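Scroll down for the structure; my scribbles are underneath it.
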Amino acid sequence: MHERAVKPHPLGTLLEVRAQPGARREGLVGEWNGLPKLAVAAPPEAGRANEALQRLLADILGLRVAQVSLLRGASTRTKAFVVELPPHEVLARLAKARAS
């Protein structure tokens, strides 16, 4: 499902996501061009949406916020995060979140 979005990284996994800032409801809301689409209520101002995405992604994956870091895409909707989990575990946890 999200295999295109997940790549091995020396610290774990490089995960690309599509952001939807300013949303009414937060969470994993679907897919965009093979990337998981994450919606956050925070506006895309002063890094607020990026911080909200980092917290949401950590929550979805069952990690501490410190285990998820933004690598690139601070000012775009397509973002790349480094996640301190192996790729197969990231895929499994995303699939579980998608199913619930």
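The values are calculated or read from the model by the stated rules, or taken from the named source; none is laboratory data. Model, not experiment: these values are computed from the prediction. As a convention, Cβ positions derive from the backbone with ideal geometry for all residues, glycine included, and neighbour counts pool all protein chains shown.
A few remarks follow.
- Residues (over 9 Å from the mean Cα position of the chain (by Cα) and assigned to a strand (DSSP E or B)) located in region 59-69: Ser69
- Residue satisfying all of: in region 1-52; without any contact (Cβ under 8 Å) to a residue 12 or more places away in the chain and within 20 Å of Arg98 (Cβ to Cβ); surrounded by the fewest Cβ atoms within 10 Å (Cβ to Cβ) among these: Gly30
- Selection of first residues in region 57-70 that are farther than 12 Å from Ala97 by Cβ and of second residues that are in a loop (DSSP other than H, G, I, E, B), restricted to Cβ pairs under 6 Å at least 6 apart or on distinct chains, gives the following pairs, ordered by first then second residue: Gln67/Glu84.
- Search result, residues across region 1-36 that are basic (Lys, Arg) and either under 14 Å from the mean Cα position of the chain (by Cα) or not in a loop (DSSP other than H, G, I, E, B) (or both): Arg4, Lys7, Arg18
- Pairs with Cβ under 6 Å, 6+ apart, first in region 75-100 and in a loop (DSSP other than H, G, I, E, B), second small (Gly, Ala, Ser): Arg77/Ala19; Glu84/Gly12; Leu85/Gly12
- Within region 37-53, the set of residues being assigned to a helix (DSSP H, G or I) and in contact with a Leu (Cβ under 8 Å, 6 or more places away or on another chain) comprises Asn50, Leu53.
- Filter pass, Leu56 being part of a strand (DSSP E or B) and either within 13 Å of the chain's Cα centre (by Cα) or at pLDDT below 95 (or both): no
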